[in-house]
Amino acid sequence: MTVLKDYTAHLDSKKRITIRGALYQFYNVKEYKNGCVLLEPRELTVPDSISAKTLKQMDKAIENFNLGKVSEEIDLSDF
């Protein structure tokens with residue numbers, strides 16, 4: 001892999017580090033025992049559709065509801 005940037009960074013008073021010229025707004029961070037830190041970019045997107053598995057589960061839930069296969073009412077009066 002080719003190194004695009006090589007610089008020294010430090011923690012600020014709130015224990016944060018700044019990534020200069022970051023290409024992404026969100027990163028998944030993994031810290032290892034040996035001190036290595038791995039940043040993987042994350043792009044948060046709205047899903048285009050609901051998966052077939054989720055739709056199947058929703059259909060099964062409605063089918064159970066219509067057949068009367070439901071749990072006891074939950075008392076939420078304490079909240």
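The values are calculated or read from the model by the stated rules, or taken from the named source; none is laboratory data. No experiment lies behind these values; they were computed from the predicted model shown. Neighbour counts run over all protein chains shown; Cβ positions are idealised from the backbone, glycine included. We work out accessible area using only protein heavy atoms, side chains counted, and drop any ligands, DNA or RNA first. Shrake-Rupley method; radii C 1.70, N 1.55, O 1.52, S 1.80 Å.
Structure summary
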| quantity | calculated |
| --- | --- |
| Residue within the range 32-40 that is closer than 30 Å to Leu4 by Cβ, at pLDDT 90 or above and among the acidic types (Asp, Glu) present | yes |
| Considering residues of the range 63-79 that are charged (D, E, K, R) and in a loop (DSSP other than H, G, I, E, B) only, the residue most open to solvent (accessible area, probe 1.4 Å) | Glu73 |
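Quick grid of which residues meet (1) open to solvent by less than 100 Å² (accessible area, probe 1.4 Å); (2) in a loop (DSSP other than H, G, I, E, B); (3) at positive phi:
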residue: Tyr7; (1), (2), (3): yes, yes, no
residue: Thr18; (1), (2), (3): no, yes, no
residue: Tyr24; (1), (2), (3): yes, yes, no
residue: Lys30; (1), (2), (3): yes, no, no
residue: Lys33; (1), (2), (3): no, yes, no
residue: Pro41; (1), (2), (3): yes, no, no
residue: Thr45; (1), (2), (3): no, yes, no
residue: Ser49; (1), (2), (3): yes, yes, no
